Amino acid sequence: MRVIASSIRKGNVIEQDGKLYVVVSAENIHPGKGTPVSQIEMRRISDGVKISERYKTTDQVEKATIEERNYTFLYEDGDGFHFMNPETYDQVQVPKDVVGDAAAYLQPDMTVKLSLHDVNVVSLALPQRVTLEVVETEPVTKGQTASSSYKPAVLSNGVRTTVPPHISVGTRIVVMTEDGSYSERAKD
């Protein structure tokens, strides 16, 4: 299926020169003068090589047909990450390079969306938010204003983020999986 380059988004799979690439980042650049372009960073699925391409926003790009399905995360071992289809109970193994940075946010029984081309998993989409516990942060300082001062914190998955001053060690918070940023205090 051919689409214009400006419609390509992160997670899409495109076909180029007979090889499949998963889009790592896509940015549309509109310079003051000249032609608007789409800067697309992608990873070759077969061997993990990253390349960066620049297209005119109106260029046609071949988007691969991908089937997206919900899978449940089971566990991680030396071979990779194991997921199960909740309808058929079929299990799939996903290599570590496909999971990438998302590995820190995977939790047992978490439902994720896997993108499959034929039978190969090409990318994985996490839920937008996850709940994690703060394991390390500075103590609350009296007199700090809550408006713009954030303090560093380490979460139970090892990710570093910043949290408002009222958050203390042991507090469960909701984090955005896209960038690891604080969203809100967990309501549980």
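Every number here is computed from the coordinates shown, using simple stated rules; none is lab data. Keep in mind it's a predicted model, so treat the numbers as computed, not measured. Glycine gets a Cβ as well: all are built from the backbone with ideal geometry, and neighbour counts include every protein chain shown.
Compute the distance in nm between two label points, each set 7 Å from the Cα along the Cα-to-Cβ direction, one at Gln93 and one at Lys63.
Each label point is offset 7 Å from its Cα along the Cβ direction, giving 3.3 nm.
Would you work out the charge dipole size for the chain about its Cα centre, treating the Cβ of every Lys and Arg as +1 and the Cβ of every Asp and Glu as -1, and quote it to the nearest 20 debye?
840 debye
Stretch Met84-Glu133 to full length: gain in nm at 0.36 nm per residue minus the Cα-Cα span?
Answer, rounded to one decimal: 15.0 nm.
In whole Å, what is the distance between the alpha-carbon centres of the stretch 23-40 and the stretch 60-102?
Cα centres, the stretch 23-40 to the stretch 60-102: 30 Å.
Using the Kirkwood radius over Cα pairs, work out the Stokes-Einstein diffusion coefficient for the chain at 25 °C and 0.890 mPa s, in µm²/s as a whole number.
Reported coefficient: 130 µm²/s.
How much length would be gained if the chain were fully extended between Gln16 and Asp101, taking 0.36 nm per residue of separation minus their Cα-Cα distance, in nm to one decimal?
This chain segment gains 28.1 nm when fully extended.
Using just the helices of the chain, give the 222 nm mean residue ellipticity in deg cm²/dmol: DSSP H runs with n ≥ 4 each add -39,500 (n - 2.57), and the total is spread over all residues, rounded to 500.
Here the helix-only value at 222 nm equals -500 deg cm²/dmol.
Which Cα, out of Asn70, Gly34, Phe81, lies furthest along the positive dipole direction of the stretch 15-120 (beta carbon charges, K/R +1, D/E -1)?
Farthest towards the positive end: Gly34.
What is the spin-label model distance, in nm, from Arg54 to Asp77 if the labels are put 7 Å beyond Cα along the C-beta direction?
Spacing of the two 7 Å Cα→Cβ label points: 4.7 nm.
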